[in-house]
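The values are calculated or read from the model by the stated rules, or taken from the named source; none is laboratory data. A quick note: this is a predicted structure, and the numbers were derived from the prediction, not measured. Using ideal geometry, Cβ is built from the backbone for each residue, glycine included, and neighbour counts are taken over all protein chains shown. Accessible surface is based on the protein model in full, side chains and every heavy atom, while ligands, DNA and RNA are left aside. Shrake-Rupley method; radii C 1.70, N 1.55, O 1.52, S 1.80 Å.
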Amino acid sequence: MPAAEAYDEVRMRCAPNPNGPWHVGHARMPAVIGTYRDRYDGWFCVRFDDTDPETKRPDLEAYDAILEDLDYLGFEPDETYKASDRLETYYEHARELIELGGAYTCSCSGEEFSELKNNGEPCPHRDKDVETVLAEFEDMIDGEYDSGEMVLRVKTDIEHKNPALRDWVAFRMIDTPHPRGEASEYRCWPMLDFQSGVDDHLLGITHIIRGIDLQDSAKRQRFVYDYFDWEYPEVVHWGHVQIDAYDVKMSTSTISELIEQDELDGWDDPRAPTLKSLRRRGIRGEAIVDAMVELGTSTSDVDLAMSSVYAANRDLVDEETDRRFLVREGNQLPLGGSPPEEANPPLHPNHEDRGVREIPVGDSVLVEPDDLPGREDRIWLKGLGCFQYTRDVLQYTGEDIDVVREGDVDVIHWVPASESVPVCMRTPDGDVSGRAEPGVAALEADELVQFERIGFARIDRQEDDETVTYYTHP
RNA sequence: GCUCCGAUGGUGUAGUCCGGCCAAUCAUAUUGCCCUCUCACGGCAAUGACCAGGGUUCGAAUCCCUGUCGGAGCACCA
């Protein structure tokens, strides 16, 4: 973080557009500013930049959904604001800017102005006197104009070598009412660069972090800051994040469409690249934060490997997660030779003190297709003992664990054929059905388990006929 | 087209401002071994990178130029 020491308090903002729950990429901002806040004993707020009721129409449910996602990541903002509550403030500053000669009302059409701008020529409205501009701006606020009829432009440098910075629009008319009742009467709306620039100053923001798509914003906003004689915050731009491991494009609108078309079950579908999905899969928000912070703040685009999120999560949960057996698409094998009636593998191999599971054996077991023994092969059913596959029956041999240590016998997991319980495991690659050891039916929702030799999973719910789990990661 | 940015292994990152301590750090991934009644965890090891070409210099990942590739903006979107 640049020049963190130069400020009494590092103050940052997270300025989301409330158009839906967050995808994984959105986690980067809170992860980084939240971490900086903790490191520098600073401050950060969430400010919903919801100043376009039309083309970026806010989704009323998104405000809370985003705060929930933030909570999942483990952060609580010091303050929360909505730009749509602050219109009067923006109007006030616009009036002041006009009085300073820094803005003018303009009724050029978009194309007309663009043409002039690209040639570095001022439009005829640029030199209107302050009183006229002020009056026309009041008319804008009062809704006297229709959409597209009149805008307020910031007077920058019409010959600036970067055309993107020339006399940009600060306020425009929008006929569509804002979805929030509190803001539905307003028709004259500020553009992001104006609104955000003013707010950053008023909120005392010292450090702005934002995407490279807003690279020019700082340059545009500096014109306003110069008129007001304000000091511009430190600013860091970073590139886009891509995530491997997902087929679905990481874009709020794309995900939203897929949900509408029933391609996805919802924002928490395990195939969706959303925070709600990762949460349901039992991944800790902290793991996502760890992986995001690792990415740093470089301006080039980065690929986040989901494996680093998984590694971070495994680090957090492995020690405390109990082991269980799950057999997917099991093949039934009868047992012979009087094996023990109950198996008692430990809940966690590194923590014997947690106790053991009680798995009734019965007279046949299920094993995974990949684990099916060949003729006369011996296998070790984990927690139970050694068996030899003879004449379609697993004959208990009674040999001790040394046969495994000698390396001749593979250890596999299993479940009893009759007393096991059905499990549906939802994964990013589709649903998997299987049967688990009986204890799994007694686990509570939200508990995490590790299905041995398969991976971690979160218990989602217990239904009448099966246990629904969400696959976390290997 | 114009204006900005950027480029270190499969991925991410440190180092670049202030050239030598960098035959390049750490993490993750992959592979192998050890541990282990599996997987996971843990331990050990291996693989693997400074975009290219010029220049400056005794010396360049680091400074300069050119090129290549990638990204962003040029909206009455955020």
* Asked: Under the condition of being part of a helix (DSSP H, G or I), open to solvent by less than 40 Å² (accessible area, probe 1.4 Å) and in contact (Cβ under 8 Å) with a residue 40 or more places away in the chain, which residue from the stretch A:117-145 is nearest to RNA strand B (Cβ to nearest atom)?
  -> A:140
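Within the stretch A:211-229, is even one residue under 30 Å from residue A:431 (Cα atoms), out of contact with any helix residue (DSSP H, G or I) (no Cβ under 7 Å at 6 or more places or on another chain) and not small (Gly, Ala, Ser)? Even if it seems obvious, please write down each step before you answer.
Within the stretch A:211-229, the subset under 30 Å from residue A:431 (Cα atoms) is none.
Checked against the condition, which is being under 30 Å from residue A:431 (Cα atoms), out of contact with any helix residue (DSSP H, G or I) (no Cβ under 7 Å at 6 or more places or on another chain) and not small (Gly, Ala, Ser), the stretch A:211-229 yields no hits at all.
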* Asked: Considering the stretch A:323-346 alone, what residues qualify as being away from RNA strand B (no atom under 15 Å from the Cβ) and either outside the structural domain of residue A:414 (by TED's automatic domain parsing) or open to solvent by less than 30 Å² (accessible area, probe 1.4 Å) (or both)?
  -> A:333, A:335, A:336
* To do: Go through (1) within 12 Å of RNA strand B (Cβ to nearest atom); (2) open to solvent by 50 Å² or more (accessible area, probe 1.4 Å); (3) under 19 Å from residue A:139 (Cα atoms) and name the single condition residue A:108 misses.
  => (2)
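Can you name the residue in the stretch A:19-41 that is part of a helix (DSSP H, G or I) and among the hydrophobic types (A, V, I, L, M, F, W, C) and is also most open to solvent (accessible area, probe 1.4 Å) among such residues? Steps first, please.
So the first thing to find is which residues in the stretch A:19-41 are part of a helix (DSSP H, G or I), and the list is A:24-40.
Going one step further and asking which of them are among the hydrophobic types (A, V, I, L, M, F, W, C), we end up with A:24, A:27, A:29, A:31-33.
On the way: A:24: 1, A:27: 0, A:29: 34, A:31: 0, A:32: 10, A:33: 1 Å².
Looking at residues that are part of a helix (DSSP H, G or I) and among the hydrophobic types (A, V, I, L, M, F, W, C), I get A:29.
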* To do: Scan (1) under 17 Å from residue A:330 (Cβ atoms); (2) more than 36 Å from the chain's Cα centre (by Cα) for the single condition residue A:466 breaks and write down its number.
  => (2)
* Does the stretch A:160-176 contain any residue that is near RNA strand B (Cβ under 9 Å from one of its atoms), open to solvent by 50 Å² or more (accessible area, probe 1.4 Å), in contact with an Asp or Glu (Cβ under 7 Å, 6 or more places away or on another chain) and touching a residue at least 40 places away in the same chain (Cβ under 8 Å)? -> no
* To do: Name every residue in the stretch A:310-322 that is in contact with a helix residue (DSSP H, G or I) (Cβ under 6 Å, 6 or more places away or on another chain) and either open to solvent by 80 Å² or more (accessible area, probe 1.4 Å) or touching a residue at least 60 places away in the same chain (Cβ under 8 Å) (or both), in order of residue number.
  => A:313
* Return only the number of the condition from (1) open to solvent by 30 Å² or more (accessible area, probe 1.4 Å); (2) at pLDDT 95 or above; (3) more than 23 Å from residue A:240 (Cα to Cα) that residue A:9 does not satisfy. => (2)
* Does the stretch A:259-280 hold any residues that are in a loop (DSSP other than H, G, I, E, B), among the aliphatic types (A, V, I, L, M) and under 14 Å from the mean Cα position of the chain (by Cα), and which are they? -> A:272
* To do: Go through the stretch A:347-395 and count every residue that is more than 10 Å from RNA strand B (Cβ to nearest atom), in a loop (DSSP other than H, G, I, E, B) and not aliphatic (A, V, I, L, M).
  => 13
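Condition test on residue A:303, is it crowded, with 19+ Cβ neighbours inside 10 Å, charged (D, E, K, R) and out of contact with any Cys (no Cβ under 7 Å at 6 or more places or on another chain)?
So residue A:303 fails the test.
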* To do: State whether one or more residues within the stretch A:54-68 are of a type in the set (Ser, Thr, Tyr), modelled with pLDDT under 95 and open to solvent by 10 Å² or more (accessible area, probe 1.4 Å).
  => yes
* What number of residues within the stretch A:347-371 are more than 18 Å from residue A:327 (Cβ to Cβ) and open to solvent by 20 Å² or more (accessible area, probe 1.4 Å)? -> 9
* Among the residues of the stretch A:283-298, which ones are under 24 Å from residue A:471 (Cβ atoms) and assigned to a loop (DSSP other than H, G, I, E, B)? -> A:283, A:284
* To do: Considering every residue within the stretch A:337-345, establish whether at least one is of a type in the set (Gly, Ala, Ser), at pLDDT 90 or above, part of a loop (DSSP other than H, G, I, E, B) and under 39 Å from the mean Cα position of the chain (by Cα).
  => no
* Which numbered condition residue A:75 misses (of (1) part of a loop (DSSP other than H, G, I, E, B); (2) surrounded by fewer than 19 Cβ atoms within 10 Å (Cβ to Cβ); (3) assigned by TED's automatic domain parsing to the domain that holds residue A:39) -> (2)
* Could you tell me which numbered condition residue A:18 fails, if it satisfies all but one of (1) more than 11 Å from RNA strand B (Cβ to nearest atom); (2) without any contact (Cβ under 8 Å) to a residue 60 or more places away in the chain? => (1)
* Please find, within the stretch A:280-319, the residue that is farthest from residue A:452 (Cα to Cα) out of those that are touching a strand residue (DSSP E or B) at 6+ places or on another chain (Cβ under 9 Å) and away from RNA strand B (no atom under 11 Å from the Cβ). => A:280
